[in-house]
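Enquirer: Got a structure for you, written out below as structure tokens; questions coming shortly.
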Amino acid sequence: MKRLFIAITMAAAFSACGHRASTGATADTDSVSVDSIDSAKVEAPAEDNSYIEVETVKFEKSDSTAEVSVLVQWPTTGEKVIVDSLKKHIRDLLGDDFIDGPKAIQAYGQSLFESQQEEWHSVYDEMEPDERMGAFSKTHDITLLTQNKNYVTYFYRTFSYGGGAHGYTTEVGFTFRKSDGKQIALLKNTNSRKLAKLLKEGVRRHFSERPDKPLSDQELLDFLFAEEVSSLNNLPLPGNSPYLSDTGMVFLYTQYEIAPYSSGIITFEIPFKDIEPFMTDEAKKLITE
């Protein structure tokens with residue numbers, strides 16, 4: 001299977017571990033940009049029209065009270081059924097049924113910035129300057145992660161800070177079947193002990209700094225809510241469904257799901273050769289045809 005993906009360089013990065021408070025008033029900045037790219041067709045056969053092209057739309061704006069960053073890879077070219085499905089999904093993620101392209105995404109970013117400003121003022125206007133926290137922040141990144149002739153995976157990352165000790169980050173991936181634009185079930189036999197072992201080893205890989213020196217079970221417990229080694233053999237599946245990369249199935253535990261905030265977001269990939277016995281028949285067709 002060819003490796004097909006888009007690498008995105010982010011203009012503004014927010015740490016999953018928190019938000020740095022503002023040290024004082026800053027000059028207002030207003031940065032809005034639209035960039036068109038067609039790299040979604042990298043390595044695609046010239047005669048194959050199943051590959052999706054996207055337009056990258058980015059809105060950024062910040063001042064001493066609010067920081068907003070919206071980056072969306074809006075599908076522009078491809079089979080109508082999958083392009084329409086992806087557009088609807090983007091609208092659902094942003095909570096705006098009227099988004100229909102770059103200009104609407106920019107308008108959404110401006111509206112979001114203004115709402116963040118209003119919230120900041122409603123909380124801090126009656127407080128002394130030295131008691132105020134940093135700017136309220138909101139980030140939405142919706143990007144095309146990978147695609148082949150059978151499926152496309154989008155990745156969504158959002159960060160929110162509205163006062164307090166730290167912000168909150170959410171990450172989730174979504175795989176769509178190109179033939180009908182649907183998200184299908186990827187897993188079966190989810191109560192299998194063998195699958196539970198794959199999850200445990202994936203979490204271990206995530207926290208082990210060196211592949212040749214994996215953490216022991218006892219060391220792994222320090223990063224998780226689990227209190228006994230036996231608990232590691234019964235880790236629950238993530239609340240969000242897994243998604244397909246070009247080489248395997250990716251599992252992602254959000255903050256607080258199986259570990260404290262300090263452990264961050266737990267992500268790992270199980271190669272297709274290992275996870276295939278637990279894939280639904282529909283999912284297997286996506287990686288074998």
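The values are calculated or read from the model by the stated rules, or taken from the named source; none is laboratory data. Values in this document were obtained by computation on a predicted structure and should not be read as measured data. When we count neighbours, we look across all protein chains shown, and the Cβ atoms used for this are built from the backbone with ideal geometry, even at glycine. Protein only, heavy atoms only, side chains kept; ligands, DNA and RNA dropped before computing areas. Shrake-Rupley method; radii C 1.70, N 1.55, O 1.52, S 1.80 Å.
Enquirer: Determine the pairs where a residue that is open to solvent by less than 100 Å² (accessible area, probe 1.4 Å), located within the range 210-228, has a partner that is in a loop (DSSP other than H, G, I, E, B) and acidic (Asp, Glu) with Cβ atoms under 7 Å apart, the partner being 6 or more residues away or on another chain.
Expert: Final answer for the pair search is none.
Enquirer: Here is a further query. Can you confirm whether residue 245 is within 26 Å of residue 170 (Cβ to Cβ), touching a residue at least 60 places away in the same chain (Cβ under 8 Å) and surrounded by 15 or more Cβ atoms within 10 Å (Cβ to Cβ)?
Expert: So residue 245 passes the test.
Enquirer: Here is a list of conditions, (1) over 25 Å from residue 254 (Cβ atoms); (2) surrounded by fewer than 20 Cβ atoms within 10 Å (Cβ to Cβ); (3) among the hydrophobic types (A, V, I, L, M, F, W, C); (4) in contact with a strand residue (DSSP E or B) (Cβ under 7 Å, 6 or more places away or on another chain), and residue 184 meets all of them except one; can you say which number that is?
Expert: (1)
Residues checked against (1) modelled with pLDDT of 95 or more; (2) among the aromatic types (Phe, Trp, Tyr):
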| position | (1), (2) |
| --- | --- |
| 113 | yes, yes |
| 116 | yes, no |
| 130 | no, no |
| 137 | yes, no |
| 140 | yes, no |
| 155 | yes, yes |
| 164 | no, no |
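Enquirer: Here's a follow-up. Across the range 187-203, what is the total count of residues that are in a helix (DSSP H, G or I), open to solvent by 40 Å² or more (accessible area, probe 1.4 Å) and either in contact with a strand residue (DSSP E or B) (Cβ under 7 Å, 6 or more places away or on another chain) or without any contact (Cβ under 8 Å) to a residue 60 or more places away in the chain (or both)?
Expert: The total comes to 4.
Enquirer: Output the residues belonging to the range 90-101 that are assigned to a helix (DSSP H, G or I) and open to solvent by 30 Å² or more (accessible area, probe 1.4 Å).
Expert: Of everything in the range 90-101, those that are assigned to a helix (DSSP H, G or I) and open to solvent by 30 Å² or more (accessible area, probe 1.4 Å) turn out to be 91, 92, 93.
Enquirer: Could you please find all residues in the range 118-162 being among the aromatic types (Phe, Trp, Tyr), in contact with a helix residue (DSSP H, G or I) (Cβ under 6 Å, 6 or more places away or on another chain) and more than 30 Å from residue 85 (Cα to Cα)? Even if it seems obvious, please write down each step before you answer.
Expert: Of all residues in the range 118-162, those among the aromatic types (Phe, Trp, Tyr) come to 120, 124, 136, 151, 154-156, 159, 161.
Within this subset, residues satisfying the condition of being in contact with a helix residue (DSSP H, G or I) (Cβ under 6 Å, 6 or more places away or on another chain) are 136, 151, 156.
Once the filter is applied, which keeps residues that are among the aromatic types (Phe, Trp, Tyr), in contact with a helix residue (DSSP H, G or I) (Cβ under 6 Å, 6 or more places away or on another chain) and more than 30 Å from residue 85 (Cα to Cα), the range 118-162 yields only 136.
Enquirer: To continue, here is another question. Residue check: is residue 220 in a helix (DSSP H, G or I), in contact with a Lys or Arg (Cβ under 9 Å, 6 or more places away or on another chain) and farther than 28 Å from residue 282 by Cα?
Expert: Considered against the rule, which asks whether it is in a helix (DSSP H, G or I), in contact with a Lys or Arg (Cβ under 9 Å, 6 or more places away or on another chain) and farther than 28 Å from residue 282 by Cα, residue 220 comes out as yes.
Enquirer: Of everything in the range 229-242, what is without any contact (Cβ under 8 Å) to a residue 24 or more places away in the chain and in a helix (DSSP H, G or I)? Give them in sequence order.
Expert: Across the range 229-242, the qualifying residues are 229, 230, 231.
Enquirer: Kindly evaluate residue 115 against the criterion of being free of Cβ contacts under 8 Å to residues at least 12 places away in the same chain, of a type outside the set (Lys, Arg) and in contact with a strand residue (DSSP E or B) (Cβ under 9 Å, 6 or more places away or on another chain).
Expert: Yes: the conditions hold for residue 115.
Enquirer: Which of (1) at pLDDT below 95; (2) within 29 Å of residue 137 (Cβ to Cβ) is the odd one out, the single condition residue 72 does not satisfy?
Expert: Failing condition for residue 72: (1).
Enquirer: Right, next: Among the residues of the range 225-252, write down those that are farther than 16 Å from residue 197 by Cα, touching a Ser or Thr at 6+ places or on another chain (Cβ under 8 Å) and not acidic (Asp, Glu).
Expert: 239, 240, 243, 244, 245
Enquirer: Which condition from (1) in contact (Cβ under 8 Å) with a residue 60 or more places away in the chain; (2) of a type in the set (A, V, I, L, M, F, W, C); (3) under 23 Å from residue 181 (Cβ atoms) is the one that residue 265 breaks?
Expert: (3)
Enquirer: Here's another thing I want to ask about it. It is to be established whether one or more residues within the range 115-137 are assigned to a strand (DSSP E or B) and surrounded by 16 or more Cβ atoms within 10 Å (Cβ to Cβ).
Expert: So far as the range 115-137 goes, yes, one or more of its residues are assigned to a strand (DSSP E or B) and surrounded by 16 or more Cβ atoms within 10 Å (Cβ to Cβ).
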